[in-house]
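The values are calculated or read from the model by the stated rules, or taken from the named source; none is laboratory data. Computed from a prediction, not measured in an experiment: that's the story for all the values here. Using ideal geometry, Cβ is built from the backbone for each residue, glycine included, and neighbour counts are taken over all protein chains shown. Heavy atoms of the whole protein, side chains included, go into the accessibility calculation; ligands, DNA and RNA do not. Shrake-Rupley method; radii C 1.70, N 1.55, O 1.52, S 1.80 Å.
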Amino acid sequence: QAKAAGRNRLCVFDPQMQTGMAERAALTAALREAVDHRQLALHLQPQVDARGLPVGAEALLRWQHPTLGMVAPARFIPLAESSGLIVPIGQWVLRQACAQLRQWQACEELRHLELAVNVSPRQFQQPDFVAQLLALLDDSGIDATRLVLELTESLVVEDVQDTVDKMRQLHRRGVRFALDDFGTGYSSLALLRQLPLHQIKIDRSFVRDVTHDSGSATIVRTIALLARSLGLQVIAEGIETPAQHQTLLAQRCRFFQGYWFARPMPQVDCLAWLQQRCRVAPSVSSSSRSTL
Ligand code: C2E
Ligand code: MG
Ligand code: MG
Ligand code: MG
């Protein structure tokens, strides 16, 4: 676009911007290789309930570049989106996630765990997204009700009807949905009611300030209330301190994710983390739940 404009118009580049563009182009080219060269990995961050027991994990993509080291998602996900690479990358993430769920579901004490996967707009908007995921679910033979897709408000509002249609098709197969980074976008109450949602994730920015900023505390309390009245689970992300945890518990938030509980970690480490905690609490099984 800049090139086309440059042909008959004066186009001013500052050196800073040029470096930025060259760097982005180089990173995009490298990212193209990343899938084939096994440079991508999923890290998992556990999610816990009010008692601190694991309920699942969120899959977070990591790119281990041979010379740049670990490249943060904030840097490469936008490039993957704009280049379209998010489609094969996202497909890879979903395959990995289903394989992870199959492993958990082969263990008695882990089969109740949910795995949440971030899905970006460009990926979800592919016409064959639903068909591909349904095929993947059939192939992997997992219990699809343990798969949670995290969508953002901005994705949903871009094309509400298409989003709702796709969500319903997948929901019919058992797949659950979470609205990520909730509170930062523009979704309306009417929209929330229309979506087959399972969970709302309170954005980290509100959690960060919840103990010392009454505005954030009010937002968190309101989101929790709203979610409960709609029959949705609320999970707070980015819990870093016991004070934040306590404040959110007091505001009747029942699910948590954050460094205070566990950082994102490689899949094998997360397996050990979960096994340790799910084993010490065998009473989570359905037999004892009825007596609670
Ligand atoms: P997100 O989905 O909101 O994920 C939560 C982010 O918060 C993760 O950052 C996680 O590491 C970080 N986090 C969790 N607990 C804490 C905490 O206590 N303190 C702080 N400071 N941070 C915490 P991460 O892994 O860097 O991912 C950033 C974003 O990149 C994600 O935000 C998500 O939007 C995107 N992303 C990550 N993996 C994927 C993926 O597989 N596909 C797509 N489309 N997007 C992804
Ligand atoms: Mg997320
Ligand atoms: Mg989030
Ligand atoms: Mg976020």
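Observations on the structure shown:
- Test: GLU150 is within 16 Å of ligand 3 (Cβ to nearest atom), open to solvent by 60 Å² or more (accessible area, probe 1.4 Å) and either in contact with a His (Cβ under 8 Å, 6 or more places away or on another chain) or at pLDDT 95 or above (or both): no
- Filter result (within 16 Å of ligand 2 (Cβ to nearest atom) and part of a loop (DSSP other than H, G, I, E, B)) within the range 177-194: GLY183, THR184, GLY185, SER187
- Top-ranked residue in the range 175-190 [being more than 16 Å from PHE206 (Cα to Cα) and open to solvent by 30 Å² or more (accessible area, probe 1.4 Å); ranked as farthest from ligand 1 (Cβ to nearest atom)]: ALA190
- Pairs linking a residue in the range 203-232 that is of a type outside the set (Val, Ile, Thr) and part of a loop (DSSP other than H, G, I, E, B) to a residue that is open to solvent by 20 Å² or more (accessible area, probe 1.4 Å) and away from ligand 4 (no atom under 16 Å from the Cβ), with Cβ atoms under 7 Å and 6 or more positions apart or on different chains, are LEU230/ARG193; LEU232/LEU197; LEU232/HIS198.
- Residue in the range 219-231 that is surrounded by 22 or more Cβ atoms within 10 Å (Cβ to Cβ), more than 16 Å from ligand 4 (Cβ to nearest atom) and either farther than 21 Å from TYR259 by Cβ or aromatic (Phe, Trp, Tyr) (or both) present: yes
- Any hit, the range 244-261, residues being under 21 Å from the mean Cα position of the chain (by Cα), surrounded by fewer than 16 Cβ atoms within 10 Å (Cβ to Cβ) and within 16 Å of ligand 4 (Cβ to nearest atom): yes
- The residues in the range 218-258 that are closer than 18 Å to LEU53 by Cβ and within 16 Å of ligand 3 (Cβ to nearest atom) can be counted, and the count is 12.
- Pairs, first over 14 Å from LEU191 (Cα atoms) in the range 147-165, second at pLDDT 90 or above and away from ligand 2 (no atom under 16 Å from the Cβ), C-beta under 7 Å, six or more apart: LEU147/LEU101
- Here ILE77 passes the criteria (1) modelled with pLDDT of 95 or more; (2) over 18 Å from the mean Cα position of the chain (by Cα); (3) farther than 21 Å from LEU101 by Cβ except the one numbered (2).
- Single condition PRO127 does not satisfy, out of (1) under 23 Å from GLN267 (Cα atoms); (2) open to solvent by 10 Å² or more (accessible area, probe 1.4 Å); (3) outside any helix (DSSP H, G or I): (1)
- Within the range 233-260, considering residues that are of a type in the set (Val, Ile, Thr) and either part of a loop (DSSP other than H, G, I, E, B) or near ligand 1 (Cβ under 10 Å from one of its atoms) (or both), the one nearest to PHE177 (Cα to Cα): ILE239
- Tally, over the range 169-199, of residues that are touching a helix residue (DSSP H, G or I) at 6+ places or on another chain (Cβ under 9 Å) and within 13 Å of ligand 4 (Cβ to nearest atom): 7
- Cβ pairs under 7 Å, 6+ apart, first in the range 71-86 and in a loop (DSSP other than H, G, I, E, B), second surrounded by fewer than 19 Cβ atoms within 10 Å (Cβ to Cβ): GLY84/ARG122; LEU85/ARG32
- Scan of the range 99-151 for residues that are within 16 Å of ligand 1 (Cβ to nearest atom), in contact with a helix residue (DSSP H, G or I) (Cβ under 6 Å, 6 or more places away or on another chain) and acidic (Asp, Glu), ordered by number: GLU114
- Check on LEU101, in contact with a strand residue (DSSP E or B) (Cβ under 6 Å, 6 or more places away or on another chain) and either loosely packed, with under 14 Cβ neighbours inside 10 Å or in a helix (DSSP H, G or I) (or both): yes
- The range 156-174, residues that are closer than 28 Å to SER216 by Cα and within 16 Å of ligand 1 (Cβ to nearest atom): VAL156, GLU158
- In the set (1) farther than 22 Å from LEU101 by Cβ; (2) basic (Lys, Arg); (3) in a loop (DSSP other than H, G, I, E, B), the condition left unmet by ARG263 is number (1).
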